[in-house]
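> Please read through the structure below; I'll follow up with questions.
The values are calculated or read from the model by the stated rules, or taken from the named source; none is laboratory data. This one's a predicted model, so the numbers in the text were calculated from it and none came from an experiment. Ideal geometry is used to build each Cβ from the backbone, glycine not excepted, and the neighbour counts take in all protein chains shown.
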Amino acid sequence: MAAINSTHRVHHHLLGGAPFALGTTMTNTITPDLDDRFFEGIVQGHTHLYDAIEIQPVSDLLQDGSDQRYVEPDYENPTFFSVYVHLKGGGVECVGDHGRHSRALAYAMELSTEHGWPIKDYVPRKFYDSESPVEPALQP
């Protein structure tokens, strides 16, 4: 699948449980301090379409030096952590990219508190950082 050119931040999906990514121009460099939140820009007042939040470890598989990204879950060597809102009809939409698990979890917890959605944290414990909770986040 070709990447889509856009000035919007990374927006990727997992459709029907299978990895499928749409890359776009990413405005931030991936560092441990990355805390890119774009819920409002993606959901745009359609919260009734969603029923859960997911956290996934991810990597940019394109890594060709361009501004394009092809992002998929990476349970072996992730470069960052993404927060998704789960669509009631299936699939997810990315609403945040974070350089550390603890930042992704904090954002997911804010969204969960605001919207009452459960959190499914798919990040293996070995990738938790020093600010992550001792106990794993809510699991599916």
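> Looking at GLU76 and the list (1) under 23 Å from PRO32 (Cβ atoms); (2) of a type outside the set (Gly, Ala, Ser); (3) surrounded by fewer than 22 Cβ atoms within 10 Å (Cβ to Cβ); (4) in contact (Cβ under 8 Å) with a residue 12 or more places away in the chain, which single condition is not satisfied?
Exception for GLU76: condition (4).
> Next question. Check the range 67-79 and report whether any residue there is assigned to a strand (DSSP E or B) and modelled with pLDDT of 90 or more.
yes
> Evaluate the range 118-132: report whether one residue or more is surrounded by fewer than 22 Cβ atoms within 10 Å (Cβ to Cβ), at pLDDT 90 or above and small (Gly, Ala, Ser).
no
> Then there's this: Kindly indicate whether GLU110 is over 13 Å from the mean Cα position of the chain (by Cα) and among the charged types (D, E, K, R).
yes
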